Amino acid sequence: MKNIVILISGEGSNMEAIIRAAKVQNWEKNLQARVAAVISNRPSAKGLGLAQHHGVTSQVVDHTTFAIDTNPREAFDTALIKEIDQYAPALVVLAGFMRILTPMFVAHYQGRLINIHPSLLPAFPGLRTHQRAIEAGCQFAGATVHLVSAELDHGPILAQAVVPVMEDDTPESLAARVLTQEHLIYPATIAKLLGN
Ligand code: GAR
């Protein structure tokens with residue numbers, strides 16, 4: 001069974017969808033992988049409790065503790081690599097991990113580092129994607145799973161899901177609609193990448 005490591009910063013709903021897919025046997029959404037660990041850069045991330053609830057090892061590498069280092073981003077990423085590599089993961093899965101990663105980190109996991117972003121990339125990289133999609137008058141929004149490259153929210157697209165934007169949508173209602181699709185395409189893409 002191949003290991004995957006999931007990195008989170010907050011709610012962890014994508015993380016939970018992946019853990020569930022990996023747990024359920026003989027089901028069409030089954031994912032043949034072991035979620036070896038969940039790592040958060042924020043001690044307060046709600047997803048840490050969820051991981052624990054599912055019996056998955058969870059740990060924290062708190063980015064704020066590296067602030068005094070001469071190169072805080074490199075120091076944090078080096079510490080993160082040390083933790084992740086203990087599990088020899090076939091895939092490192094960013095699931096709401098809200099940190100800009102150094103080129104060193106990205107190069108270390110080249111070809112086995114993936115992210116989910118709540119827009120139809122290349123449209124709306126970065127933050128406030130739902131608000132921006134509504135403001136732009138988009139009739140469709142969605143989510144993208146992509147291989148991570150050095151440039152933020154770029155890299156080869158692996159999967160996308162499309163949802164309609166309703167006339168009365170708020171960023172919150174649109175985010176919720178997109179998130180339900182994220183929970184489907186992320187485990188499915190991981191399964192495909194692992195050759196399931
Ligand atoms: C998800 O919508 C994910 O696409 C987004 O954060 C949310 C995390 O939710 N990620 C990004 O914006 C990364 N650029 P979750 O913690 O419940 O999975």
Inset, instruction - Taking residue 89 as meeting all but one of (1) surrounded by 21 or more Cβ atoms within 10 Å (Cβ to Cβ); (2) of a type outside the set (D, E, K, R); (3) within 16 Å of residue 6 (Cβ to Cβ); (4) within 9 Å of the ligand (Cβ to nearest atom), write down the number of the exception. - result: (4)
Inset, instruction - Report, by residue number, each residue of the range 49-78 that is more than 21 Å from residue 35 (Cβ to Cβ) and buried (at least 16 other Cβ atoms within 10 Å of the Cβ). - result: 63, 66, 73, 75, 76, 77, 78
Inset, instruction - For the range 39-86, enumerate the residues that are free of Cβ contacts under 8 Å to residues at least 24 places away in the same chain, within 16 Å of the ligand (Cβ to nearest atom) and not aliphatic (A, V, I, L, M). - result: 43, 44, 49, 52, 53, 58
Inset, instruction - State yes or no: is residue 188 in a helix (DSSP H, G or I) and within 15 Å of the chain's Cα centre (by Cα)? - result: yes
Legend entry - Candidate set: the range 161-170, residues that are of a type outside the set (Val, Ile, Thr) and buried (at least 16 other Cβ atoms within 10 Å of the Cβ); chosen: the one nearest to the chain's Cα centre (by Cα): 161
Legend entry - Of residues in the range 101-119 being more than 12 Å from the ligand (Cβ to nearest atom) and either under 21 Å from residue 188 (Cβ atoms) or part of a loop (DSSP other than H, G, I, E, B) (or both), the one most open to solvent (accessible area, probe 1.4 Å): 110
Inset, instruction - Kindly indicate whether residue 173 is away from the ligand (no atom under 12 Å from the Cβ), closer than 21 Å to residue 98 by Cβ and open to solvent by less than 60 Å² (accessible area, probe 1.4 Å). - result: no
Inset, instruction - Scan the range 75-100 for residues that are at pLDDT 95 or above and touching a Lys or Arg at 6+ places or on another chain (Cβ under 8 Å) and report the count. - result: 5
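Quick grid of which residues meet (1) part of a helix (DSSP H, G or I); (2) more than 13 Å from residue 11 (Cα to Cα):
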site	(1), (2)
39	no, no
44	no, no
47	yes, no
50	yes, no
64	yes, yes
78	yes, yes
84	yes, yes
88	no, yes
92	no, yes
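The values are calculated or read from the model by the stated rules, or taken from the named source; none is laboratory data. Please read these numbers as outputs of a predicted model, since none were measured by experiment. In this analysis, Cβ positions are derived from the backbone assuming ideal geometry, glycine residues included, and neighbour counts consider all displayed protein chains. Ligands, DNA and RNA are stripped out before the accessible areas are found, and what is left, the full protein with its side chains, is counted by its heavy atoms. Shrake-Rupley method; radii C 1.70, N 1.55, O 1.52, S 1.80 Å.
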